[in-house]
């Protein structure tokens, strides 16, 4: 029996997978509960924390190094245990997929005194903590509490944040980088190389919160270069040596690209989503390198419109070459999964670096209802167009909690019973 991978799951019509939520939100709660702004021995005296999603609604909580944001918890044993615990909380809530705490971790950090080798090692540590959480969760007897619909397999996805994230100045909300495609390729390249070499340890890679068309182009160009590179199997060696070797390996696993949008139709840099999708289809017509396309870190109120825009484009373009007699048989190879994980209802003030009361779905059940509405609408559109139901990954981004994910799991389970198709 063939083992199902995340990549094969993302090609299955009607498949719905539940992602985790805002793990960095949970980590800062952990620090606040201990009455400490740091999870290692060094305390940063700088009072100005910048970057997306790093404050609670009450008072700022400082991670050990604001330049690495929540990834700085990987620097200490206590921080690593915190990360593992929060991963397990999302698994207990019903997540099928957990993402590594590496969103703001990049080799750009060499500007702050880290070596490239240190960043390589932190990427590996983040993967290890996610794997340890999955192993711990499945090793213990959670059957009495495990929500129905949680597969035995937990998929681990490595998070790669956009260039704006590492600037920690809110640039992911504008996409105004003033950089070339080659500059952005260089920014993403080593991180992708490290993760590609560890492809047997992870199930996929997520390029997250991408706010500009130029960064989309850079990522696609880099992925095309990586997938064209065929290499010999690497010799057996220790984990640290593997991460620092010069061996160049293909991306082997699922890849999704998640966009940061300012409304229901445009990227944060003002580019229309339709233009982004056209570029994606031009560069990757058969979905060979990007297996999922979606949105994250945007207002939950934008997601319904965006989800239908994505679904209609996929259904229109992916069936254009299929004979009328086979119109229902959407080519699985050409399917792109729709990936949706917005923020909760609060609004982020990138100028003052704080969360403000918003008008969105701040209550977990309301958020879950809105995400279920997106799934229903996608499936209804598929039926209207007489197409197989597109696969979907849903979850939460900033300020979403295990309670949010639990409510989403509960709603998805009910939807599965009503529709009698989710397996």
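Summary table below
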read-out: Separation of alpha-carbon centers, region 386-412 and region 282-304, rounded to whole Å; value: 15
read-out: Highest-first arrangement of 110-117, 84-91, 410-417, where packing means the average Cβ count within 10 Å; value: 84-91, 410-417, 110-117
read-out: FRET E, pair residue 153, residue 186, Förster distance 41 Å, beta-carbon r, rounded to 0.05; value: 0.70
read-out: Alpha-carbon centroids, region 3-25 and region 182-212: separation in whole Å; value: 18
read-out: FRET efficiency, residue 385 to residue 110 (Cβ-Cβ, R0 56 Å, nearest 0.05); value: 0.70
read-out: Residue 373 versus residue 227: modelled label distance in nm, points set 7 Å from Cα along the beta carbon direction; value: 3.5
read-out: FRET E, pair residue 282, residue 77, Förster distance 60 Å, beta-carbon r, rounded to 0.05; value: 0.80
read-out: Point-to-point label distance, residue 179-residue 199, nm (Cα→Cβ direction, 7 Å offset); value: 2.4
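Every read-out reported here was derived from the displayed coordinates using simple, explicitly stated rules and does not represent laboratory data. Computed from a predicted model, the values in this text were never measured in an experiment. Note: ideal-geometry Cβ built from the backbone for every residue, glycine included; neighbour counts use all protein chains shown.
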